[in-house]
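The values are calculated or read from the model by the stated rules, or taken from the named source; none is laboratory data. It should be emphasised that the depicted structure is a prediction, and the values quoted were computed from it without experimental measurement. All Cβ positions, even for glycine, are placed from backbone atoms using ideal geometry, and neighbour counts span all protein chains on display. For accessibility, only protein heavy atoms count, side chains too; no ligands or nucleic acids. Shrake-Rupley method; radii C 1.70, N 1.55, O 1.52, S 1.80 Å.
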Amino acid sequence: MQNTKLTAMAQVLIVDDIEGVHEMLDLVFEDTGIELHHALSGEDAVNVFSANTIDLVLTDIEMPGMSGLELFSALKNVDERVVVVMMTAAESRDFVLKALRLGAYDYIEKPYDEDELIDVVQRGIVERQQRLHAATVDGNNPELIDEMERLREELNSFEEAKTENERLAAELEMVRNELTDRKTHDKALKQKLTELELKEGAMKTMENVMKERMNAFKSAEREQSGGGISVEAQAELQRLKEELEMKETELQSMETSIQERELFLQESEESLFEKGQRLQEIETELEQLREDLGKQGARSGASGGEGLSAEELSELENMRSQIKEKEEELVARERSLAKTERLIKAREQFLAQSETILFGDKEDE
């Protein structure tokens, strides 16, 4: 029997739990113009049939799980006009008769003849087309219209779900990035808060010490007004009072110094950076002037000083003056940088001593 290609691309679903059967049928239908779909179980076959426009289902009868008969019933619930061809062994003819009574289109026994199999499948595809055509001509096919509408709605729902999933994935990635940035920022804030709490604790401790001493002085003054204090006690009281006033003054000065420290250091660092940049620029200009002067000197030496015009001699002298000025400016910059560094070190030493005094008072108490 001669194989003939169909005029339209037909789609056939092969259902068998043995992968070798699928590979063999791919070779059998290779030149027929039929597009094959594959499923290794009845459950997979229902999903493939629902997602594609299948013209014919070629299924094995005996399979683990859902059998061929059960698959046929399930497919009829999806599409009443489904065309099914059963593949069976000779000993399973009872199942074949039952399938034919249920409405299966045809069957073929294993091992089957390739030409016979292709002929049965092609006739089944024609039967499928005739069933669909008859339903369309009659115009009395609300089930087909409803099914097509259902499939369209499922497709739209799938596309919407896919778009929504992509949007949610992008939002999730953005939230993760924001959370990472926030964690880093929170860590820096916590570190600054800890430093502020330490400074605040030291200031509160000093304030409490001062309050206690002030209360002691007030009590001593009340006793003095009652005449119950000696001259030596009065002198000690006066000394402690003066010391308290001095400590309060120092405390206020230290608070101001601590507040100004970061601003001063930041400005000093910026000044050092700017001066360093200017110093590099001066060194570059100085090097360029030296190169130019060397070239002029070489020319002058080669000619013995003769042959240079008055303008060139003036330019040479001007370049020497510029070099001297740049060298003086460079020395001045270096001195300024050294002075600024000494000033910063002095300020840091002063602040360190101030903090030592603060915490030293705390330990004494």
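Test of understanding: among VAL82, VAL57, which residue is outside any helix (DSSP H, G or I), in contact with a helix residue (DSSP H, G or I) (Cβ under 9 Å, 6 or more places away or on another chain), closer than 17 Å to ARG131 by Cα and at pLDDT 95 or above?
So the residue among VAL82, VAL57 that is outside any helix (DSSP H, G or I), in contact with a helix residue (DSSP H, G or I) (Cβ under 9 Å, 6 or more places away or on another chain), closer than 17 Å to ARG131 by Cα and at pLDDT 95 or above is VAL57.
Of the conditions (1) of a type outside the set (Phe, Trp, Tyr); (2) open to solvent by less than 20 Å² (accessible area, probe 1.4 Å); (3) more than 18 Å from ARG131 (Cβ to Cβ), GLU30 satisfies every one except a single condition; which number is it?
All conditions pass for GLU30, except number (2).
Going through segment 44-70 one residue at a time, which ones are under 47 Å from the mean Cα position of the chain (by Cα) and surrounded by 13 or more Cβ atoms within 10 Å (Cβ to Cβ)?
ASP44, ALA45, VAL46, VAL48, PHE49, SER50, ALA51, ILE54, MET66
Limited to segment 292-328, what total is found for residues that are open to solvent by 90 Å² or more (accessible area, probe 1.4 Å), at pLDDT 75 or above and farther than 24 Å from LYS339 by Cβ?
Here the count works out to 3.
Of everything in segment 124-171 that's basic (Lys, Arg) and open to solvent by less than 100 Å² (accessible area, probe 1.4 Å), which residue is modelled with the highest pLDDT?
ARG128
List every residue pair whose Cβ atoms lie under 6 Å apart, where the two residues are 6 or more positions apart in sequence or sit on different chains, the first residue falls within segment 18-43 and is touching a residue at least 12 places away in the same chain (Cβ under 8 Å) and small (Gly, Ala, Ser), and the second residue, located anywhere, is outside any helix (DSSP H, G or I) and surrounded by 13 or more Cβ atoms within 10 Å (Cβ to Cβ).
Here the result reads GLY33/LEU6; ALA39/VAL15; GLY42/MET66, each pair linking segment 18-43 to a residue that is outside any helix (DSSP H, G or I) and surrounded by 13 or more Cβ atoms within 10 Å (Cβ to Cβ).
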